[in-house]
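Following: one structure in structure tokens, then a few remarks.
The values are calculated or read from the model by the stated rules, or taken from the named source; none is laboratory data. Please read these numbers as outputs of a predicted model, since none were measured by experiment. Every residue, glycine among them, receives a Cβ derived from its backbone with ideal geometry; neighbour counts consider all protein chains shown.
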Amino acid sequence: MRNKILVFICALLVVSSVRAQDHIYSQFYNAPNYLNPALTGQFEGDFRINMIYRSQWTSIPGPLNYYTLSADLKVDRLNGGLGLMVTKSSEGDAYLNKTNLSASYSYSVSFENSALYFGLQAGVTNRKIDADKLVFLDQLGAEGIIPGQATNASIAQFSNKMFFDAGAGINAVIGNFMMGVSGQHLNRPNETLTGVTSLLAPRYNAYASFLYSFNENFEDSPLLIPSVVLYRQEGISSFSAGMQYKYKSVNVGLWYRGDGRQNDAVVVSLIFDLFTSDSAGKTRFGLSHDATTSKLGYPSTAGTTEGALSYETTFPGSGEYQSNRSNATSGRRCYDFY
């Protein structure tokens, strides 16, 4: 009990003294709209739903859970797509929660062997703390928490904060190569819960992927897709590097994550795509596990697990247009890389 209380107190001190860092999904390819708003509506079908859940360091007291649910629609008249996304984080024993609701728009330009995508995102974020679940030093005794003990500590001035949040991104596909950059919290919103200004630093993402086919003349040829993703926020940088081996409806991946000085995790992923008989829809299941390689150690954290589920479908009557659109360009599309 004493160890759990000490961990809980340390978590409170960290949250109160360090500006927030966005969570990062190991399955970034199964959360495309979270990675870059320019990927909104960029898929083979007409309508798509993505869900992803991350449970970080499952054996440490005070859960760290993250969720993202997105839905996007390909809009041919806009030559792009429209999307909605909800992202929620719950850190600690439900004492700090953040929920973001945002809308995104993308526009694409296709060339003979390449494509360029632009994306904008805007929404609102709610950050709140449940003061009733906080435990302070004057509520602790030799045996742990003193039942019914009141505290003389100053409670946060604001337990609920709402603010506007904006992002943007660019994605490019040239032959078998894809790269993109995006930024979130570009307006640097004030997320304070104390009344003292606390600006949320922008999160910048940059990534690149290469698609290698073992047999370009064979439609169902096995694919090898090496990728690297870079993140930077509030002066802290990290990266994920690895590759996926994709054959038909099965995708296996191996990744390394770190910051260049310290190791973070080795990630193993497994993806399954299930297609309907008429190829008008696709359901994807994704599962990954991060084996912690940092000083925290795997036995202390039990690693991190993610689960993802997505569904995309084609509306009746749109198949002819999709065929004409595919014939208009011989280049790869961004969805070929994930």
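Across segment 279-313, which residue is nearest to Pro61 (Cα to Cα) among those that are aliphatic (A, V, I, L, M) and surrounded by fewer than 19 Cβ atoms within 10 Å (Cβ to Cβ)?
Applying the filter and picking the extreme gives Ala302.
Looking only at segment 315-335, filter to residues that are modelled with pLDDT of 85 or more and under 25 Å from the mean Cα position of the chain (by Cα); which one of those is farthest from Phe28 (Cα to Cα)?
Arg333
Could you go through segment 65-86 and let me know if any residue there is surrounded by fewer than 16 Cβ atoms within 10 Å (Cβ to Cβ), touching a helix residue (DSSP H, G or I) at 6+ places or on another chain (Cβ under 7 Å) and farther than 17 Å from Ser182 by Cα.
Checking segment 65-86: at least one residue is surrounded by fewer than 16 Cβ atoms within 10 Å (Cβ to Cβ), touching a helix residue (DSSP H, G or I) at 6+ places or on another chain (Cβ under 7 Å) and farther than 17 Å from Ser182 by Cα.
Among the residues in segment 73-89, are any within 15 Å of the chain's Cα centre (by Cα) and of a type in the set (D, E, K, R)?
yes
Would it be correct to say that Ser221 is surrounded by 14 or more Cβ atoms within 10 Å (Cβ to Cβ), of a type outside the set (Phe, Trp, Tyr) and at pLDDT 95 or above? Can you show your working first?
On the way: surrounded by 14 or more Cβ atoms within 10 Å (Cβ to Cβ): yes; of a type outside the set (Phe, Trp, Tyr): yes; at pLDDT 95 or above: no.
So Ser221 fails the test.
For segment 223-237, does any single residue satisfy the condition of being charged (D, E, K, R) and within 18 Å of His23 (Cα to Cα)?
For segment 223-237, residues charged (D, E, K, R) and within 18 Å of His23 (Cα to Cα): present.
Identify, from the list Ala208, Ala172, Ala166, Ala241, the residue that is farther than 16 Å from Phe337 by Cβ and either exposed (fewer than 13 other Cβ atoms within 10 Å of the Cβ) or out of contact with any helix residue (DSSP H, G or I) (no Cβ under 8 Å at 6 or more places or on another chain) (or both).
Ala166
If you go through segment 231-247 one residue at a time, do you hit one that is aliphatic (A, V, I, L, M), out of contact with any Lys or Arg (no Cβ under 9 Å at 6 or more places or on another chain) and either closer than 27 Å to Trp57 by Cα or modelled with pLDDT under 90 (or both)?
Yes - at least one qualifying residue is present in segment 231-247.
Please work out which one of (1) modelled with pLDDT under 90; (2) farther than 30 Å from Phe177 by Cα is the condition Gly123 fails and give its number.
Condition (1) is where Gly123 drops out.
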